[in-house]
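> For reference, the structure I am asking about is given below.
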Ligand code: BES
Ligand code: ZN
Ligand code: ZN
């Protein structure tokens with residue numbers, strides 16, 4: 001894991017492989033952002049001019065490497081774009097800092113140590129830069145032993161200049177960033193792990209090991225226990241696979257907690273679609289269908305490591321959706337954990353089935369709120385694109401609060417409705433409800449289905465992360481190819497706000 005140090009050393013004197021500075025657009029001109037004054041001095045005050053000559057504009061995503069002049073201990077200066085310079089008296093946007101730091105860390109893959117001389121006006125800026133740099137320093141190389149040369153190793157050490165190790169707020173920010181990003185990277189690793197190795201049982205074993213390490217209570221229901229308990233949704237999805245399903249409960253409790261937040265994650269370790277098989281072209285990335293469970297797992301462990309004074313209970317609904325002679329057929333009726341019956345019209349709408357059981361089970365403990373996270377529908381990707389998750393809820397204020405928290409931590413999201421008129425599309429002639437309804441608004445239909453399994457009077461929100469969970473394009477900012485760890489930052493901040501009594 002990438003180390004993080006806070007350093008009061010001057011930019012000119014610290015030994016590192018590279019010095020990272022920020023540049024921004026100010027009208028048509030390029031300006032060097034605060035924090036890099038000593039670096040600019042080493043260039044005789046001409047750093048901006050040199051960079052402009054090299055074609056830099058200060059745009060977000062831009063990274064320009066140049067050899068360091070005499071007078072700096074680092075051999076290379078890396079200038080990263082921050083976008084538009086803020087108006088007088090205002091600071092840089094936290095997400096611009098996060099992304100620029102991530103771009104820098106990715107550009108410095110293979111390096112040992114980089115000193116970040118980006119603008120830090122307060123602890124929040126230090127935290128954003130640390131988060132971006134640590135999240136950018138990521139590579140999934142577990143299955144590439146032969147290619148694992150130093151050149152592909154993530155940046156090994158991030159030194160934050162201008163962050164003060166003796167300042168309590170700065171130190172806390174660094175510790176939070178380190179714990180949070182390590183858990184986000186744990187989620188990414190799980191998402192990227194091939195589905196022949198990350199089976200439901202393997203995922204449950206990872207949760208058990210993490211529970212031991214961090215003092216969390218972990219309980220696992222295997223297929224026998226699920227059958228005994230009547231978990232018809234989870235079993236119905238998992239029954240076609242050689243790798244049987246699991247329901248994991250992972251609980252973090254704090255002695256001073258006044259509230260309990262329950263998090264429920266969709267954990268389909270592979271979604272082939274089942275008997276309603278997905279066509280070629282739609283299943284290559286379906287190992288990512290456990291991203292919700294990975295986010296929930298990471299958020300619970302991160303909350304524990306940060307010591308948030310709230311109880312957080314994670315529920316991981318783990319199953320593999322496969323076609324076989326024993327698989328659930330379109331037309332089958334499942335009796336769910338809640339007692340409701342569901343006619344399975346499409347076995348590819350499996351996420352809502354495993355989540356339904358987990359939502360009912362989570363409700364039994366009467367938490368103050370339940371938030372589920374799932375790569376639930378292709379419809380949500382059509383609606384919001386690849387970088388934005390949808391938020392639905394049975395409480396408008398709660399939905400707004402989560403949307404604002406997501407914005408604050410730099411995750412793109414958008415509030416979506418749960419229109420009651422879409423419910424009748426799921427009426428079944430045979431069972432209480434069908435697992436599919438109208439095609440139009442499919443993401444909202446899925447949300448309405450889930451709502452039926454949330455206990456009376458419990459505040460609930462549903463995050464459909466099908467778009468942002470897995471990134472197929474070129475890396476940008478701190479976002480790598482593959483698993484992103486979407487929603488973890490939002491969930492951890494939500495736990496903190498729940499502890500503060502603010503939501
Ligand atoms: N796992 C998929 C949704 C998905 C799509 C996730 C794209 C990530 C990227 C889900 O289980 C699914 O297949 N949903 C169906 C539901 C339909 C059959 C009602 C869908 O969205 O097409
Ligand atoms: Zn599916
Ligand atoms: Zn799925």
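The values are calculated or read from the model by the stated rules, or taken from the named source; none is laboratory data. Here the structure is a predicted model, which means the values were calculated and not measured. Note that we place each Cβ from the backbone using ideal geometry, even for glycine, and neighbour counts take in every protein chain shown.
> Only one of (1) buried (at least 20 other Cβ atoms within 10 Å of the Cβ); (2) outside any strand (DSSP E or B); (3) within 23 Å of the chain's Cα centre (by Cα) is not met by residue 436, so which one is it?
(3)
> Oh, and also: Here are the criteria: (1) within 14 Å of the chain's Cα centre (by Cα); (2) surrounded by fewer than 20 Cβ atoms within 10 Å (Cβ to Cβ). Tell me which single one residue 277 does not satisfy.
(1)
> Something else about it: Look at segment 442-473 and say how many of its residues are assigned to a loop (DSSP other than H, G, I, E, B), crowded, with 21+ Cβ neighbours inside 10 Å and more than 16 Å from ligand 2 (Cβ to nearest atom).
3
> Out of the residues in segment 171-185 that are farther than 11 Å from residue 5 by Cα and buried (at least 20 other Cβ atoms within 10 Å of the Cβ), state the one that is nearest to the chain's Cα centre (by Cα).
By that ranking, first place goes to 184.
> Then there is this: Answer with yes or no whether residue 351 is crowded, with 24+ Cβ neighbours inside 10 Å and modelled with pLDDT of 95 or more.
In short, yes.
> From 64, 53, grab the single residue that is at pLDDT 95 or above and surrounded by fewer than 16 Cβ atoms within 10 Å (Cβ to Cβ).
Selected residue: 53, the only one of 64, 53 that is at pLDDT 95 or above and surrounded by fewer than 16 Cβ atoms within 10 Å (Cβ to Cβ).
> Condition test on residue 356, is it more than 20 Å from the chain's Cα centre (by Cα) and within 15 Å of residue 237 (Cβ to Cβ)?
The answer is yes for residue 356.
> Restricting the search to segment 82-126, which residues are at positive phi and at pLDDT 95 or above?
Those that are at positive phi and at pLDDT 95 or above: 83, 110.
To keep it simple, each residue is scored yes or no on (1) more than 13 Å from ligand 1 (Cβ to nearest atom); (2) in a loop (DSSP other than H, G, I, E, B); (3) in contact with a helix residue (DSSP H, G or I) (Cβ under 8 Å, 6 or more places away or on another chain).
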{"residue": "279", "(1), (2), (3)": "no, yes, no"}
{"residue": "287", "(1), (2), (3)": "no, no, yes"}
{"residue": "291", "(1), (2), (3)": "no, no, yes"}
{"residue": "317", "(1), (2), (3)": "no, no, yes"}
{"residue": "337", "(1), (2), (3)": "yes, yes, yes"}
{"residue": "346", "(1), (2), (3)": "no, yes, no"}
{"residue": "355", "(1), (2), (3)": "no, no, yes"}
{"residue": "360", "(1), (2), (3)": "yes, no, no"}
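> Now, a different point. Under 8 Å between Cβ atoms, which residue pairs at least 6 apart in sequence (or on different chains) link something in segment 191-202 that is outside the structural domain of residue 315 (by TED's automatic domain parsing) with a partner that is outside any loop (DSSP other than H, G, I, E, B)?
Going by the 8 Å Cβ cut-off, there are no qualifying pairs.
> Does any residue in segment 133-152 that is in the same structural domain as residue 483 (by TED's automatic domain parsing) come within less than 8 Å, Cβ to Cβ, of a residue that is at pLDDT 90 or above and assigned to a helix (DSSP H, G or I) six or more places away or on a different chain, and which pairs are these?
From segment 133-152, no pairs qualify.
> Related question: Are any residues in segment 223-238 crowded, with 21+ Cβ neighbours inside 10 Å and either more than 19 Å from residue 453 (Cβ to Cβ) or within 16 Å of ligand 2 (Cβ to nearest atom) (or both), and if so, which ones?
233, 234, 236, 237, 238
> Can residue 344 be described as surrounded by 23 or more Cβ atoms within 10 Å (Cβ to Cβ) and more than 14 Å from ligand 3 (Cβ to nearest atom)?
no
> Of everything in segment 268-290, what is closer than 16 Å to residue 467 by Cβ and more than 10 Å from ligand 3 (Cβ to nearest atom)? Give them in sequence order.
282, 285
> Does residue 266 satisfy the condition of being outside any loop (DSSP other than H, G, I, E, B), over 20 Å from residue 373 (Cβ atoms) and either within 16 Å of ligand 1 (Cβ to nearest atom) or without any contact (Cβ under 8 Å) to a residue 24 or more places away in the chain (or both)?
Against the criterion (outside any loop (DSSP other than H, G, I, E, B), over 20 Å from residue 373 (Cβ atoms) and either within 16 Å of ligand 1 (Cβ to nearest atom) or without any contact (Cβ under 8 Å) to a residue 24 or more places away in the chain (or both)), residue 266 does not qualify.
> Same structure again: If the requirement is being more than 15 Å from ligand 2 (Cβ to nearest atom) and in the same structural domain as residue 362 (by TED's automatic domain parsing), which of these qualifies: 293, 303, 319?
The unique qualifying residue is 303.
> Scan segment 294-333 for residues that are away from ligand 3 (no atom under 16 Å from the Cβ), over 29 Å from the mean Cα position of the chain (by Cα) and over 15 Å from residue 271 (Cβ atoms) and jot them down.
325, 326, 329, 331, 332, 333
> So, one more: Can you report the number of residues in segment 242-269 which are in contact with a strand residue (DSSP E or B) (Cβ under 7 Å, 6 or more places away or on another chain), surrounded by fewer than 24 Cβ atoms within 10 Å (Cβ to Cβ) and closer than 17 Å to residue 205 by Cβ?
2
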